[in-house]
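See structure below.
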Amino acid sequence: MSDTLLSEINSTVQSYFLGMHHRDIGLLTQAFHPDAQLFGYLVGEFEKLSLSQWLDKISHMPIPSECGEVFSMQIVTIDISGGIANVKVKLLYHGLQFIDYLSLVEIDSRWLIVNKTFSSQ
């Protein structure tokens, strides 16, 4: 696994982290493939969302960085195989601890999140 490859994947994940913390829809849009799907559990309730549905939901949430929420987002593991990667991340968002699994694909020399599964605790 090359340092360049890790750096490229890390860049996409950092765009996701910063987009979440600052509610920056532009950064989130850059990190995700337009056809990405999101599945998971939010406070025990199952959710299935398209990227546009999720971005709309995020756009109506308070901005964590302006609410005094500490930036607490980290990569736990990265598993890469050819042009695909799976990244496990841990983040604090509006007082909830999330574990996300982000599936990325390299498309036209860019790593994009194509699927996100998540669970809040």
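The values are calculated or read from the model by the stated rules, or taken from the named source; none is laboratory data. Everything numeric in this text was worked out from a predicted model, so none of it was measured. Reconstructed Cβ throughout: ideal geometry from the backbone, glycine too, with neighbour counts over all protein chains shown.
Observations on the model:
- Output for the stretch 22-53, where each listed residue is free of Cβ contacts under 8 Å to residues at least 60 places away in the same chain and either in contact with a helix residue (DSSP H, G or I) (Cβ under 8 Å, 6 or more places away or on another chain) or crowded, with 17+ Cβ neighbours inside 10 Å (or both): 22, 23, 24, 25, 26, 27, 28, 29, 30, 34, 49, 51
- Taking the stretch 11-20 as the range and being in contact (Cβ under 8 Å) with a residue 60 or more places away in the chain and either under 9 Å from the mean Cα position of the chain (by Cα) or crowded, with 16+ Cβ neighbours inside 10 Å (or both) as the test, the residues that pass are 12, 13, 16, 17, 20.
Residue-wise test of (1) acidic (Asp, Glu); (2) out of contact with any helix residue (DSSP H, G or I) (no Cβ under 9 Å at 6 or more places or on another chain); (3) assigned to a strand (DSSP E or B).
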position: 71; (1), (2), (3): no, no, no
position: 74; (1), (2), (3): no, no, yes
position: 77; (1), (2), (3): no, yes, yes
position: 87; (1), (2), (3): no, no, yes
position: 91; (1), (2), (3): no, no, yes
position: 101; (1), (2), (3): no, yes, yes
position: 104; (1), (2), (3): no, no, yes
position: 112; (1), (2), (3): no, no, yes
position: 115; (1), (2), (3): no, yes, yes
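- Within the stretch 1-57, the residues that satisfy the criterion of being among the charged types (D, E, K, R) and touching a Gly at 6+ places or on another chain (Cβ under 9 Å) are 47, 48.
- Within the stretch 66-85, the residues that satisfy the criterion of being surrounded by fewer than 15 Cβ atoms within 10 Å (Cβ to Cβ) and not aliphatic (A, V, I, L, M) are 66, 67, 68, 71, 72, 74, 77, 79, 81, 82, 83.
- Top-ranked residue of the stretch 96-118 - restricted to ones that are surrounded by fewer than 17 Cβ atoms within 10 Å (Cβ to Cβ) and among the hydrophobic types (A, V, I, L, M, F, W, C), ranked as modelled with the lowest pLDDT: 96
- Hits in the stretch 57-98 - residues which are closer than 21 Å to residue 45 by Cβ and without any contact (Cβ under 8 Å) to a residue 12 or more places away in the chain: 57, 60
- Residue within the stretch 4-13 that is more than 17 Å from residue 99 (Cα to Cα) and assigned to a loop (DSSP other than H, G, I, E, B) present: no
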